[in-house]
Amino acid sequence: MKNWGIRRLLMVPLIGGGVVLSAGVAHATTAYDEAVAEVRSSGYGVVADALEACSSSWVGGYTEAELESKLNSSSDQWITCMIAQLGGGSLSADQSRQKSGGVVRTVVKRLSNILRPGGGASTQNSSQVRRDSNGNIVGFSTGEMGPGIGLWGSLSVSEGESDGGSFSFSASGASDTSTDTEIRALSVGIDKTLNPDLTLGFTFGYQDESVSQTSFGSSGHGYSMTPYVGYNIDETFSFIGTVGTTYGWNEILNQEESYSLWFFTSGVEAYKPLDNWLFVGKVYYNWSNESNSGGGEDISIGTLEMGGEVSYLFEGGYEPFFGIAHAIDTHKDPDDSSDDHGIVYDLGVRFYAGYNWSGELSATVIGDRSDYEETSFTGNLRYEF
């Protein structure tokens, strides 16, 4: 990653305001203290706090060339300290939710497609199988696909935009801290339908991430591992559960910070087939906790989602669907300025191609939060044998 992001972060209040520059070579500790006071009085409280924390690491003068040299060095103790103070606190609840949410949605959709009536995990004789008005089975059933092993892969891209970021460098609000986060993810999974009601599986994923702010930027990548389980409780209800972890690294000015993210999701879906229509009600609870080596507080989020979906299966095995859910943050630590409520819109098409192939293309929009919105596109393909 280019170091322009953090250079701007520091040079705007320090050089732009003529704070650190003393028209020469001031080496006294008092000059550094005076610079901190001037930065704070200019409204850059967060930067001033970092300067105070890193004062013992400063060595040298206060010329622009001196500061440029530090900003371009990955071994300078002062810049390493400043990165830990400023970069470590750059994570927001919305960014953390975006990381875990992408993995969770991919797995939940995969399980839902297996367990749902016509999805491949129901028996020919079960009333849960989708039938048209003449009693003919629509979609796939165990009689066609059979309980077995399924291999699947998924590609997704998500764009998150936060108006407020995780904090403001300027107490006066003059600094724009809007944040754009893009995550590109690849997942591969394997699952086995042990009987008409029970499916167990495991997925492994890789994600590449880039974060940009007006005054900050980073890039990173991570690896996730997620076991999951799906169970048809009866002819109407199914349980879906998953627990997983993501380990990753963010790069800031050629310095790497590691992070760990733990998450779990459990929920219940209720199905009502009506000819070629399928109506689904959903209730899910999602929890995640993220920590990083750069410092700053851990971020934990608990979200309750309640909603539904409607779909119609056409001849040929194509099934357009539309879903909507209300997301409520029941827990968020530390709390931030983002809304605790949002709406999740889901639109796409499933296909049952025959020869044991099935898949889905979908777009998901998370909106109606006052300072955050997210759009993601996902495609997955599954083969059962």
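None of the figures in this text is laboratory data; all of them are computed from the coordinates on show. None of these values were measured; they are calculated from a predicted model. Ideal geometry is used to build each Cβ from the backbone, glycine not excepted, and the neighbour counts take in all protein chains shown.
Quick notes
- Residues with amide H under 5 Å from that of Ile233, placed H, sequence gap 5 or more: Ser238, Phe239
- Whether the range 283-385 is rounded, prolate or oblate, judged on the alpha carbon gyration tensor where a/c under 1.5 counts as rounded: prolate
- Extension gain, Ser212 to Thr375: 0.36 nm times the residue separation minus the Cα-Cα distance gives 57.0 nm.
- Counting 0.36 nm for each residue step from Ser57 to Val283 and taking away their Cα separation leaves a gain of 76.2 nm.
- FRET efficiency estimate (nearest 0.05) - Cβ-Cβ, Ser258 to Leu361, R0 25 angstrom: 0.15
- Entries in Lys70/Lys99; Lys192/Lys282; Lys192/Lys332; Lys109/Lys332; Lys99/Lys272 that, when Cα-Cα distance is taken, lie over 28 Å: Lys70/Lys99; Lys192/Lys332; Lys99/Lys272
- Taking label positions 7 Å along the Cα-Cβ direction at both Ser266 and Asp298, the computed distance is 1.9 nm, reported to one decimal.
- Placing R0 at 56 angstrom, the Cβ-Cβ distance between Glu235 and Glu66 gives a FRET efficiency of 0.15 after rounding to 0.05.
- In range of the label at Val243: residues from the range 254-286 whose backbone nitrogen is under 13 Å from the point 7 Å along Cα→Cβ: 262-266
- Taking 7 Å steps out from each Cα toward its Cβ at Leu274 and Phe322 produces label points 1.5 nm apart.
- Modelled this way, with points 7 Å down the Cα-to-C-beta line, the labels at His341 and Val310 are 2.3 nm from one another.
- Shape summary of the range 231-327, radius of gyration then Dmax from alpha carbon positions: 19.1, 59 Å.
- Using the Karplus relation 6.51 cos²θ - 1.76 cosθ + 1.60 with θ = phi - 60°, the per-residue 3J(HN,Hα) values for the range 368-385 come to 6, 9, 5, 9, 8, 8, 9, 10, 9, 10, 9, x, 9, 9, 10, 10, 10, 9 Hz, with x marking Gly and Pro.
- Subtracting the Cα-Cα distance of His331 and Phe351 from their residue separation scaled by 0.36 nm leaves 3.5 nm.
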